[in-house]
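Input: a single structure, listed below in structure tokens.
The values are calculated or read from the model by the stated rules, or taken from the named source; none is laboratory data. In this text the structure is predicted, and so the values were computed from the model without any measurement. Note that each Cβ is placed from the backbone with ideal geometry, even for glycine, and that neighbours are counted across all protein chains shown.
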Amino acid sequence: MVNSSYIFELFANRDFNLEKFTGSFSYVAAILILLIRYSCIFFNKDKIQNILEHFPKEYKIEDLKFHKIDKFLLNFEKFIKTYRILNATAITYAFSSVIFNLIISNSKTFPFEIKFPFDAFKNDFYPFLIVWVFLSYILYQFSILTTENVIYGLITIASVELKLLAAEYKKSKDDTNVIINCIKRQNELYDVIGNIQRIFAPSFFTSFLLSSILICFTAFKCSISLDPAILIFNATFSIISMLQIFIQCFFGQILCDASGNLIDSIYECGWEKRKNEKLKKFLIFVIMRSQKYSAFSLLGVWKINLEQFQSVSGILLTLN
């Protein structure tokens, strides 16, 4: 809240300082991303619980191995561990640079443009405030990871269910009852995926937009800062913001791939050879609906996938 009021104060003053504004906005934007994520989860607890009830409580290892989904989950686990290690390394490196700069040159700085109601650079206060800022940022990253566990956990389970359903379509052959059950399960899954999209749409959009702005602002700070500690911190913060966009697009891509695999399985189940014309038409409708639900999107326009990440990162690099 102190930083929010500081931003308004900067606008109110005639001697507006863009450097101070970008530093304060980065702090406020990061908090805003977290608050919107928590709000999406808190105000939709019942809906999330209802979504979880549509998923199995546990999976048989034999089924996962048979359909080669166990490898997908192992690769997913490795990716998440790598992502968290990168986050932790970036945070440690960023704050270490501030502390190292203090020890070497006795230069007192804060990673963000933070305004305190007292002189924060006094010897009595500064060491404790640096530790406080460091611990606050660790708590922030931990909170971000907690919300990601909920959001991306739901997407992963939905993707696994789509993969298992694709395997059922492939096994169906000429069994009409199996196909009808698959179609019912598919409609149920698409309703669940649609609910996930609606619940977390504000979070997806805010995270995508503000992370992009943060990358531009931190790059601007890097270009004008002469302080090595501030330079290193903003560079690592920019990388963390880019990771936020990447992880969102990565899980969007997982859902895209699972949906694409499902569409291929429906094609391969021999729908065009069915003697039952009603079932054949229904399968065509299912294929068309599958293409519609192939990915999450921002404002129903931009798909969230790795192709989108490539486009956004290209634009951001051009701007910077």
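Conditions (1) at pLDDT 80 or above; (2) surrounded by fewer than 13 Cβ atoms within 10 Å (Cβ to Cβ); (3) over 18 Å from LEU231 (Cα atoms), marked per residue:
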| residue | (1), (2), (3) |
| --- | --- |
| PHE76 | no, no, yes |
| SER105 | no, yes, no |
| VAL131 | no, yes, yes |
| PHE142 | yes, yes, yes |
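Within region 160-184, if we keep just the residues that are basic (Lys, Arg) and touching a residue at least 24 places away in the same chain (Cβ under 8 Å), the residue that is surrounded by the fewest Cβ atoms within 10 Å (Cβ to Cβ) turns out to be LYS173. Annotation: of all residues in region 287-299 being more than 20 Å from GLN244 (Cα to Cα), out of contact with any helix residue (DSSP H, G or I) (no Cβ under 6 Å at 6 or more places or on another chain) and at pLDDT 70 or above, the one that is surrounded by the fewest Cβ atoms within 10 Å (Cβ to Cβ) is MET288.
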